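The next block holds one structure in the form of structure tokens; read it before the comments.
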Amino acid sequence: MNRGALFGVALFASLTAAACGSYSSHVEADDAALGRVVVYRNGIAYYERKAEVHEGALTLTVPQDKIDDFLKSLTVRDAVSGKPLPVSFPTQGAAQDGNVDMTVQIDEPGVHQVVLTYITESPAWKPSYRVVLEDGKVKVQGWAVVDNTSGESWRDVKVGVGSSSALSFRYDLRSVRLVHRETLHTNDRFAVAPPTGGATRTEKEDQAVVAAFDATTIPGGAERPVEADAESDYYGPSPGEERVASRGDSAGAKRKTPASTAKPAPPPRPAADAARAASVKALADRLRGKGGKVTIEGYAAAGEYDPSNAGNDRANWLRNALIQEGIAPARIEAVSRGYVAGQAGGVKVVEEATSAQEAALEGDPIGESHFESQVPMTVEKGTSALVSILDKEADGSVVYLYDAESERGNDRYAFKAVRFMNPTSSTLETGPMTVYGDGRFIGEGLTDPIPPMSTAIVPYALDRQVIIEKDVTSGDKIARLLTLQRGILRSEVQHSRTTKLKITSILHEETAVFLRHTVRKGWALTKSPEVYEKQGEAHLFKVTLAPGATKTIEIVESTPLVKTIDVRGDEGVELVRVFLEGDSVDKRFAEPMKKLLAVYSEMADVRQAISAARERIAEFRMRMEELQQQITSLDGVRGGNQLMRHLQAKMKDVSDRVQQGTIDIVNLQEKLMLARVRFQDGVSELSFESQVSAAKKAPEATPGG
């Protein structure tokens, strides 16, 4: 007797005669003929069988390890009336030889046509595609590789394949379940058992601290700039300042000596900066492989001035650094915890846990698909079949695709690709795609799921005839002021990233090039070619090139950052200068700041004059050395007295010029010092707080809060 049916379920039909009840006639498997099989991609298959029963009962024999799937999905109905028929089976433990006999009850006399449908485990089918390019047309063909591991041959069966987002699982329906019930006694007192206790958890326990930085690693505010002339023009913290915050945090410094006596502070340490950059990059690499959201908590140190802003500065500094490393802004939130007793100044990076359900949904099928053979076919047991599921012409053409983002992409050349529309009402599942053209093989690719009537671009060759030169730059522009205190400006900055692509075609025909560019969550396109279409989360920009032509395009995207800027440095001054050129700038800030910028420009002019004077003095000194060597060589030479007197006169003239240049530099340095004092005094007196910032200002955290 055949113990194996399609996909592991052994199904036999037996007819038990009701008359006299004295005999039983066994019907072979062919009498419960398999008529249709549909194999799915999620590990199951759908069966449809038909049987003819004469005044009796239909007995189905099912392997015990498949009974749960069978009970979960079995439908039995009269083929004529459509009436469902009951099924009885022995309770668990009554099976013999590893099989379970299930009896379909037929109470009415006569001959009955019975239809049975069910699902059970199955190997997933595998798609394989062909694309044929002929005379400017695109023809798409598809096959499904189906494996018959059922133990029975499929003869004259309509075989179909499909996929969907339908969920599939095992579920125990056969085991006997007893429910314990509480026994109650009327008017009797009894002790009520309390509910089971257990550990509690807060929302934060669903999060994990993935990194921490102390205040010496993460700046607490804007770093003080080092100007071009570090010897005389650097205005850093004086030796008399007591540092209670991290390096560069002017808000946390308590001045004990006048600014006029300040001496240059040491320049930033390259080794420390490199170590900090490496730590940030390592954190970005760790977060890049995950999909959860990240919260950066900033903390102020004990005794720090304005704890809320100090924590906010640290958190936003790290957030900005991670964004520049490629982490999507929408994933990162910066919050200030202010001062918390027992917590040192710095930041904590907390990652929210990704739920199992969210993780399971990643990579789920897109839409549904169903293909079925038009004529019955035979697949012997233990063999596999290549079932034709698609053979249609599609709207499409040969194009080029520039993809520098994918794992196997290329940032120098564009791939040759076929672009076509799915001509069916079903999703074409992920699978290999072989491309033929002019009667020969020209490449192959791999496609992601293609929803019904949607367009796909599948690269299949890299012929290096479309060349791309890529250049990426970034910049900041102040979008909105928040606060300004003692030269430290907190503002909302529009951080932009510009991708410039120079595209050159060496083909002898017009070419369409699609540029694949993903805009990460939290970023927005501000300038780009027309968005032709999207591929998943990526944008596709179309560029048409004439034979041998070159085009340059720019893709600009931006994201808002909260940034702390020192308006006493070149970078901060330039950002403020550009901001003041815009419209609707608050006059409370614009008018005094323009006067300060004029002073800063005066300082820049004086520094330039000092630099030029020093260069002239250096040239004069070189000339003096040359004259001295010439005078020495003429000493004792007969007839050289007149030439020596001439050289000595030149020496005196050059010496006078060096002396005058030195005096000029001293005068210029005094002028620069006076201008610097005016500038620093003006900056220290200037304060500003936007109405938006004042309205949203959070109360300072209390110790231990």
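A few notes on this one:
- Residue check, Asp411 over 30 Å from Gly142 (Cβ atoms), under 27 Å from the mean Cα position of the chain (by Cα), in a loop (DSSP other than H, G, I, E, B) and not hydroxyl-bearing (Ser, Thr, Tyr): yes
- In the set (1) in a strand (DSSP E or B); (2) free of Cβ contacts under 8 Å to residues at least 40 places away in the same chain, Arg419 fails one condition alone, (2).
- Among (1) surrounded by fewer than 15 Cβ atoms within 10 Å (Cβ to Cβ); (2) more than 30 Å from Gln465 (Cα to Cα); (3) of a type in the set (D, E, K, R), the one test that Glu492 misses: (1)
- Gly548 fulfils the conditions (1) surrounded by 15 or more Cβ atoms within 10 Å (Cβ to Cβ); (2) out of contact with any Phe, Trp or Tyr (no Cβ under 8 Å at 6 or more places or on another chain) except for a single criterion, (1).
- Where strands (runs of 3 or more DSSP E) fall wholly inside segment 110-171, the ranges with 3 or more residues that are farther than 23 Å from Ser425 by Cα and either out of contact with any Cys (no Cβ under 7 Å at 6 or more places or on another chain) or modelled with pLDDT of 85 or more (or both) are 111-121, 154-163.
- Among the residues listed as Arg516, Arg490, Arg497, the single one being in contact with a strand residue (DSSP E or B) (Cβ under 7 Å, 6 or more places away or on another chain), under 30 Å from Ser684 (Cα atoms) and of a type in the set (Lys, Arg): Arg490
- The residue list Ala512, Ala456 contains one member that is surrounded by fewer than 20 Cβ atoms within 10 Å (Cβ to Cβ), within 23 Å of Glu393 (Cβ to Cβ) and among the hydrophobic types (A, V, I, L, M, F, W, C), which is Ala512.
- Criterion applied to Arg490, Arg516, Arg497 was being more than 30 Å from Met421 (Cα to Cα) and modelled with pLDDT of 90 or more, and the one residue passing it is Arg497.
- Which numbered condition Glu615 misses (of (1) surrounded by fewer than 14 Cβ atoms within 10 Å (Cβ to Cβ); (2) part of a strand (DSSP E or B)): (2)
- From the list Arg638, Arg616, the one residue that fits, being modelled with pLDDT of 90 or more and either under 30 Å from Leu575 (Cβ atoms) or in the same structural domain as Ile665 (by TED's automatic domain parsing) (or both), is Arg616.
- Residue match in segment 65-74 (condition: part of a strand (DSSP E or B), of a type outside the set (A, V, I, L, M) and either modelled with pLDDT of 65 or more or over 18 Å from Thr149 (Cα atoms) (or both)): no
Per-residue answers, yes or no, for (1) surrounded by 13 or more Cβ atoms within 10 Å (Cβ to Cβ); (2) under 24 Å from Thr498 (Cβ atoms); (3) at pLDDT 85 or above; (4) among the β-branched types (Val, Ile, Thr):
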position: Ala271; (1), (2), (3), (4): no, no, no, no
position: Ala277; (1), (2), (3), (4): no, yes, no, no
position: Ile296; (1), (2), (3), (4): yes, no, yes, yes
position: Glu304; (1), (2), (3), (4): yes, no, no, no
position: Asn309; (1), (2), (3), (4): yes, no, no, no
position: Gly338; (1), (2), (3), (4): yes, no, no, no
position: Gly342; (1), (2), (3), (4): no, no, no, no
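- Hey, Glu557 in contact with a strand residue (DSSP E or B) (Cβ under 6 Å, 6 or more places away or on another chain), acidic (Asp, Glu) and surrounded by 13 or more Cβ atoms within 10 Å (Cβ to Cβ) or not: yes
- Scanning segment 36-63 for residues that are more than 46 Å from the chain's Cα centre (by Cα) and either of a type in the set (Val, Ile, Thr) or under 24 Å from Asp147 (Cβ atoms) (or both) yields Arg49, Val53, Thr59, Thr61, Val62, Pro63.
- When residues of segment 422-440 are limited to those that are out of contact with any strand residue (DSSP E or B) (no Cβ under 7 Å at 6 or more places or on another chain) and free of Cβ contacts under 8 Å to residues at least 60 places away in the same chain, the one farthest from Arg520 (Cα to Cα): Gly439
The values are calculated or read from the model by the stated rules, or taken from the named source; none is laboratory data. Being a predicted model, the structure only gives us computed values, none of them experimental. Here the Cβ is made from the backbone with ideal geometry for all residues, glycine too, and neighbour counts use every protein chain on show.
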